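Chemist: Mind looking over this structure? Questions follow.
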Amino acid sequence: MTLRQFAFRNVIRNRRVYAAFFMASVSSVMVFFIYSMLMFHPRVENEFVTEIAFRGMLIAEVILVLFMLFFLFYSMRAFLEARSKEFGILIQLGMEKKQLNKLVLFEILIIGLTSIILGILFGFVFSKFFFMIVREILEITSLSLYFSWKPFALTIGTFTTLFIVISYVSIFTIKDDNIIKLIKGYQKSQQDVKFSWFRAIFGIVLLLIAYFASANATKTNLITLVGVLPPIVTLGTYLFFTDSVQIFLKLIKRNKNIYWHKYRLLSVSEISSMLKSNARMFFISSMVSVLAFMAIGTLSSLSTFSHKYHQLNPLSLVYTSSSQNPYERQHITQLQEELQDAGLSYRLDRIVVKRQTSTNTEATVRIISERDLNNLAMSLGYPLISLKRGEAMFLAYSEESLRKLSKEKVDTVLKESNVKLSIDRTYPKIVFAADKLGTNQIIVDDDDFTHIYAPMQGMAGAASSSHLYIFNVPKWQETKYIGHNLDAIMNAAYATDNERSLPFYFENTGLDYSFIRSTFALLLFIGLLAAAVFFLAAGSFIYFKLYTNLDEEKKQYSTLHRMGVTKKELRKLVNRQLIPQFFLPWGIAMLNSTFAFLSLQVFWRGIADLSIMREIIFVMIALTVAQLLYFYLIRWRYLAHLKI
């Protein structure tokens, strides 16, 4: 038998141990290949709308490769340590260290090449289905399956290099211990577990500080917290698994009413030893789960924002023109013609906006008349208003500002025109977002509006007012092809930082929605695939730890069975040992992610006044159900191998 044949039979013989690791590797290759197929697709390469999504796929591929590098190294190291007894026997039989290194190298390459072949095969098979989904997301007419050497070369080259590097690095992790130590192999210590009280308390304090800061995040400190909290949470989580968790087990052991009860003495003792010896593995599993949670949760919130975009921006087409804009009539006529050519019905409203200074706040106030607001309200199906001389009404720019302004009552004077106003009501709907009229918007009576004639301080008369042309289009999602030349002029001005020199501003809600929806939905789909790999990897860490200790566990449970413990009681013991391994890292990951999502909620409140809690709860429930299914699957197979 040659060394290559021996390596191949070793892989086949240990297939049970390698199963989860192999599945995670195949899934990573498959996802990477699918990303590559989409990145190199001829249609996608030529579509501007997919530029951000393309970058998202590229970033996802880089993260995937870096994660797999770490995952493979950690997994290989754990496998080799678990096989120390086998290596000791081989060395005793006369195998040289150089031959042992070659054996390990061949085994890893066999697994790696098989993973690459199967991953590419499954990736190519599912590429057509993937393209169908992406075609609907990006609203591309066709995205056919194609064959090109580029995605194959990129995937094979990347993962072959990855497995070769891991192979050579893993060889150096094989310890040159004497044969007796190698043959003894890995043995769990049943002695009292030692830990540092300072590190344990410090870890809990770090997590509590991070949770408190996340729960009390505000718009002003959010950016600072994003940079500061992740390292604090990471260190706190690590110390929790290495030391802090032992405090709780210590308290249980001191309480004889809890500890000295049937088989809790054995299970708690086993759990304490297991948690200490596998602390790093649980920490890694927890942090990987956090990555999966955050990827899905964050991208789900982006998708929620895209779905509620029109509710936050009810105006279909908005053309804002300064009073000195020479292109005003030309552009409005052009937009009308384009809408007519597209067969889209619309209603056009013209609104005059005046600017004054409030004596109450010394801030600039943008003012529209009651008549203009009611005309626009009729177009949108919003409630009409009626004001008297001296009365005014707040115009909220977000749901949050609507709640705040509804409690306000202000008496002020428009400084330049000396118009006295009493503002004690708020219009019940969001009409203009902050980027349209700013954050100080009011509605005044028509007579008062005509008396606002003086220019705002520091401005010429014409510069104090502007015109808003609002096209209300019932089929607003079909307006994405309207006003492309105006949009191009604005993009060119933004690119050269000359947007302030433009005498107009044009916004197409249909175009913006199409771009946001397509990009966010595609990023969500990409994130789900990457999160699935993280999910499998997090589970596989626990899986191969279970199966590398399977022989020792068989002996232990066999001894207990001979002592009179029934199979039903043995199953309870197994549950008490498996549940902490599966759900303690998961629970900490869930806790970390929950507080991170509270900060994310502050972000969305700040830019869109959007609540994402329903979506986050759904994500948490879905992932918890998936973890439960995975637990019962592994438990079923584990009990079958233990023959309990």
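The values are calculated or read from the model by the stated rules, or taken from the named source; none is laboratory data. These numbers were taken from a predicted model, which means no experiment stands behind them. No Cβ is skipped: glycine too gets one built from the backbone with ideal geometry, and neighbour counts run over all protein chains shown.
Chemist: Would you check if Val410 is within 29 Å of Phe305 (Cα to Cα) and assigned by TED's automatic domain parsing to the domain that holds Thr509?
Modeler: Details: within 29 Å of Phe305 (Cα to Cα): no; assigned by TED's automatic domain parsing to the domain that holds Thr509: yes.
When the stated conditions are applied, Val410 does not pass them.
Chemist: Quick one: in the range 210-223, which of the residues that are of a type in the set (Val, Ile, Thr) and more than 19 Å from the chain's Cα centre (by Cα) is farthest from Gln601 (Cα to Cα)? Before you say what the answer is, go through the steps one by one.
Modeler: So the first thing to find is which residues in the range 210-223 are of a type in the set (Val, Ile, Thr), and the list is 218, 220, 223.
If we keep only those that are more than 19 Å from the chain's Cα centre (by Cα) too, we end up with 218, 220.
On the way: Thr218: 10, Thr220: 14 Å.
In this case the residue turns out to be Thr220.
Chemist: Let me ask something else. Considering the range 364-405 alone, what residues qualify as being under 39 Å from the mean Cα position of the chain (by Cα), at pLDDT 85 or above and small (Gly, Ala, Ser)?
Modeler: Passing the criteria: Ala377, Ser379, Gly381, Ala396.
Chemist: I've got another one for you. Restricting to the range 525-558, count the residues that are over 20 Å from Arg83 (Cβ atoms) and at pLDDT 75 or above.
Modeler: 1
Chemist: Taking the range 597-623 on its own, how many of its residues are at pLDDT 75 or above, out of contact with any Phe, Trp or Tyr (no Cβ under 8 Å at 6 or more places or on another chain) and within 19 Å of Ser289 (Cα to Cα)?
Modeler: 8
Chemist: May I pose another question? Taking Thr320 as the residue in question, decide whether it is under 21 Å from Pro455 (Cα atoms), touching a strand residue (DSSP E or B) at 6+ places or on another chain (Cβ under 9 Å), surrounded by fewer than 19 Cβ atoms within 10 Å (Cβ to Cβ) and modelled with pLDDT of 80 or more. Steps first, please.
Modeler: On the way: under 21 Å from Pro455 (Cα atoms): yes; touching a strand residue (DSSP E or B) at 6+ places or on another chain (Cβ under 9 Å): yes; surrounded by fewer than 19 Cβ atoms within 10 Å (Cβ to Cβ): no; modelled with pLDDT of 80 or more: yes.
Spelling it out, it is not the case that Thr320 is under 21 Å from Pro455 (Cα atoms), touching a strand residue (DSSP E or B) at 6+ places or on another chain (Cβ under 9 Å), surrounded by fewer than 19 Cβ atoms within 10 Å (Cβ to Cβ) and modelled with pLDDT of 80 or more.
Chemist: Now for a different question. I'd like the residue in the range 134-170 that is of a type outside the set (D, E, K, R) and modelled with pLDDT under 75 and, out of all such residues, is farthest from Met23 (Cα to Cα). Quick ask: steps written out before the conclusion?
Modeler: As a first pass, look at the range 134-170 and keep what is of a type outside the set (D, E, K, R): 134, 137-138, 140-149, 151-170.
Now drop any that are not modelled with pLDDT under 75, which leaves 134, 137-138, 140-143, 170.
On the way: Val134: 25, Ile137: 29, Leu138: 30, Ile140: 33, Thr141: 35, Ser142: 32, Leu143: 29, Ser170: 20 Å.
Selected residue: Thr141.
Chemist: Any residue in the range 401-416 that is in contact with a His (Cβ under 8 Å, 6 or more places away or on another chain) and small (Gly, Ala, Ser)? Even if it seems obvious, please write down each step before you answer.
Modeler: First pass over the range 401-416, keeping only residues in contact with a His (Cβ under 8 Å, 6 or more places away or on another chain): none.
No, the range 401-416 has no match at all.
Chemist: Within the range 105-116, identify whether any single residue is among the acidic types (Asp, Glu), at pLDDT 75 or above and part of a helix (DSSP H, G or I), and answer yes or no.
Modeler: Residues of the range 105-116 among the acidic types (Asp, Glu): 107.
Filter once more, keeping what is at pLDDT 75 or above: 107.
Going one step further and asking which of them are part of a helix (DSSP H, G or I), we end up with 107.
Yes; the residues of the range 105-116 include at least one that is among the acidic types (Asp, Glu), at pLDDT 75 or above and part of a helix (DSSP H, G or I).
Chemist: Moving on. List the pairs whose first member sits in the range 26-40 and is in the same structural domain as Phe159 (by TED's automatic domain parsing) and in contact (Cβ under 8 Å) with a residue 12 or more places away in the chain, whose second member is of a type in the set (S, T, N, Q) and outside any helix (DSSP H, G or I), and whose Cβ atoms are under 9 Å apart, counting only residues at least 6 apart or on separate chains?
Modeler: Pairs that qualify, where the first residue is in the same structural domain as Phe159 (by TED's automatic domain parsing) and in contact (Cβ under 8 Å) with a residue 12 or more places away in the chain and the partner is of a type in the set (S, T, N, Q) and outside any helix (DSSP H, G or I), are Met37/Ser148; Phe40/Ser148.
This table checks each residue for (1) out of contact with any helix residue (DSSP H, G or I) (no Cβ under 8 Å at 6 or more places or on another chain); (2) at pLDDT below 75; (3) in a helix (DSSP H, G or I); (4) not basic (Lys, Arg).
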{"residue": "Ile174", "(1), (2), (3), (4)": "no, yes, no, yes"}
{"residue": "Ile183", "(1), (2), (3), (4)": "no, yes, yes, yes"}
{"residue": "Gln187", "(1), (2), (3), (4)": "no, yes, no, yes"}
{"residue": "Asp192", "(1), (2), (3), (4)": "yes, yes, no, yes"}
{"residue": "Phe198", "(1), (2), (3), (4)": "yes, no, yes, yes"}
{"residue": "Leu207", "(1), (2), (3), (4)": "no, no, yes, yes"}
{"residue": "Ala210", "(1), (2), (3), (4)": "no, no, yes, yes"}
{"residue": "Ala213", "(1), (2), (3), (4)": "no, no, yes, yes"}
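Residue-by-condition table, conditions (1) surrounded by 15 or more Cβ atoms within 10 Å (Cβ to Cβ); (2) in the same structural domain as Tyr469 (by TED's automatic domain parsing); (3) touching a Leu at 6+ places or on another chain (Cβ under 9 Å):
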| position | (1), (2), (3) |
| --- | --- |
| His331 | yes, yes, yes |
| Gly343 | no, yes, no |
| Arg347 | yes, yes, no |
| Arg355 | yes, yes, no |
| Val365 | yes, yes, yes |
| Asn375 | yes, yes, no |
| Arg389 | no, yes, no |
| Ser398 | yes, yes, yes |
| Leu405 | yes, yes, yes |
